[in-house]
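Novice: The structure follows.
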Amino acid sequence: MDLGAWLDAIKIWTESVISTMGYPGLVLVMFLENIFPPIPSEVVLPLAGNLTNSGDFNLLWIIIWAMIGALSGAMVFYGLGYWVSEERLRILVEKYGRWALLSVEDFDKAVKFFERHGEAAIFFGRMVPIVRSLISIPAGLARMKMPQFILYTVIGTSLWNFILSYAGKLLGPQWGKVVEWVDVYQNVVLVVCVLLVVAYLFVQIRKRLKKADA
């Protein structure tokens, strides 16, 4: 099975779990989505949002139960960061990350994102593809206080859950279009990140040149 077919199979399984198990299925899938990024929340939540139109789901309960599942998954990665060294984690990602479509570059991106934005990265990182799954690890590595970690995770995850599920509710049978929008959003985020890095390097180079001329 090639990668595309495998991802399609994951999406089909996700839709089946949500449709048949209801809220417990939503919790399960959101838990797995946080430790296995190929399960996309941009499929899970719009689908659940669409099901509110038939009365099978309630928007508020979607946000709450999806947050519980996501927080549970985030705590797993927080624990890994807290109890395992960064060097050991990098080795584990290098050896086994391919099974979850993760690379050392993804891991390093999450670490740098946390280093750059501090504890606020836990809030903003929940709305950045790939980073939202891995951002819990550097929080654990930095020994971020658990109450703050939980608070930022709950707020950031709930906002993301609301945006995606409400979009699914508005689009109804066309909820699948949310995936296309998230793809565009992801590309925009990547471009912005590149521009921010370039701007940062430019500022640092100017500072060093000024010191050299002084």
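Novice: Do we find that Tyr152 is at pLDDT below 85 and closer than 30 Å to Asn50 by Cβ in this structure?
Specialist: Working: at pLDDT below 85: no; closer than 30 Å to Asn50 by Cβ: yes.
No, not satisfied.
Novice: Continuing with the same structure: Do we have any residue at all in segment 170-183 that's of a type in the set (Gly, Ala, Ser) and either modelled with pLDDT under 70 or not in a helix (DSSP H, G or I) (or both)? Steps first, answer last, please.
Specialist: From segment 170-183, those of a type in the set (Gly, Ala, Ser) are 172, 176; that's our starting set.
Add one more test, that the residue is either modelled with pLDDT under 70 or not in a helix (DSSP H, G or I) (or both), and what stays is 176.
Yes, because at least one residue in segment 170-183 is of a type in the set (Gly, Ala, Ser) and either modelled with pLDDT under 70 or not in a helix (DSSP H, G or I) (or both).
Novice: Being surrounded by 17 or more Cβ atoms within 10 Å (Cβ to Cβ), more than 15 Å from the chain's Cα centre (by Cα) and more than 17 Å from Leu32 (Cα to Cα): is that true of Leu141 here? It would help to see each step written out before you state the result.
Specialist: Details: surrounded by 17 or more Cβ atoms within 10 Å (Cβ to Cβ): yes; more than 15 Å from the chain's Cα centre (by Cα): yes; more than 17 Å from Leu32 (Cα to Cα): yes.
Yes; evaluated as a whole, the condition is true for this residue.
Novice: Return a yes/no flag: does segment 85-102 have any residue that is farther than 15 Å from Tyr23 by Cβ, modelled with pLDDT of 80 or more, aliphatic (A, V, I, L, M) and within 17 Å of the chain's Cα centre (by Cα).
Specialist: no
Novice: So Ser41 passes all but one of these: (1) within 17 Å of Trp175 (Cα to Cα); (2) at pLDDT 80 or above; (3) in contact with a Phe, Trp or Tyr (Cβ under 8 Å, 6 or more places away or on another chain); (4) buried (at least 21 other Cβ atoms within 10 Å of the Cβ). Which condition number does it fail?
Specialist: Condition (2) is where Ser41 drops out.
Novice: Consider only pairs whose beta carbons are under 7 Å apart and that are at least six residues apart or on different chains; among these, list those whose first residue lies in segment 142-157 and is on the phi > 0 side of the Ramachandran plot and whose second residue is assigned to a helix (DSSP H, G or I) and surrounded by fewer than 21 Cβ atoms within 10 Å (Cβ to Cβ).
Specialist: Close Cβ pairs satisfying both conditions: Arg143/Tyr82.
The values are calculated or read from the model by the stated rules, or taken from the named source; none is laboratory data. Everything quoted here is computed from the prediction, not taken from an experiment. Ideal geometry is used to build each Cβ from the backbone, glycine not excepted, and the neighbour counts take in all protein chains shown.
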